[in-house]
1. Looking only at segment 26-57, which residues are open to solvent by 50 Å² or more (accessible area, probe 1.4 Å) and of a type in the set (A, V, I, L, M, F, W, C)?
2. Does at least one position in segment 82-92 carry a residue that is open to solvent by 40 Å² or more (accessible area, probe 1.4 Å), in a strand (DSSP E or B) and β-branched (Val, Ile, Thr)?
3. So which of Ala98, Ala60 ends up being closer than 19 Å to Tyr8 by Cβ and in contact (Cβ under 8 Å) with a residue 40 or more places away in the chain?
4. Return the residue satisfying two criteria in turn: it lies in segment 61-81 and is open to solvent by 40 Å² or more (accessible area, probe 1.4 Å) and not in a loop (DSSP other than H, G, I, E, B), and of such residues it is farthest from Arg33 (Cα to Cα).
Amino acid sequence: MNWTITYYNESIQNEILGLSAGFLARYIRYTDRMEVYGPDLGMPHTRAMGDGLFELRLKAAEGIARIFYCTIIGKKIVMLHQFTKKTNKTPPRELVLARRRLKEVRDAHS
């Protein structure tokens, strides 16, 4: 059985699908692989952030973007939050938001 990509909400889906062409091409390529092979593609494409949170690492001519996601029972991958990186370190507020959404998704599916 293949994995299914879902989104935290419609706004996140629209943000991700509204990314610039380079980011979107990589997002589609990586998520196609995730649907077949599962959520952990390994570095440099994905990275575990701890406690069930993962990041999809997108690099393109436009810069660097990150999409946080988690998995839930039934082979579902839920895209939680996306942002474009402006520094080498992930801003704490982006991580806090992703972890809050992770908790909401877990609470809704437990």
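1. Across segment 26-57, the qualifying residues are Ile28, Val36, Met43, Ala48.
2. yes
3. Result: Ala98 is the single residue among Ala98, Ala60 that is closer than 19 Å to Tyr8 by Cβ and in contact (Cβ under 8 Å) with a residue 40 or more places away in the chain.
4. Ile64
The values are calculated or read from the model by the stated rules, or taken from the named source; none is laboratory data. These numbers were taken from a predicted model, which means no experiment stands behind them. Please note: Cβ atoms are built from the backbone with ideal geometry, for glycine as well, and neighbour counts cover all protein chains shown. All accessible areas refer to the heavy atoms of the entire protein, side chains included, with ligands and DNA or RNA removed. Shrake-Rupley method; radii C 1.70, N 1.55, O 1.52, S 1.80 Å.
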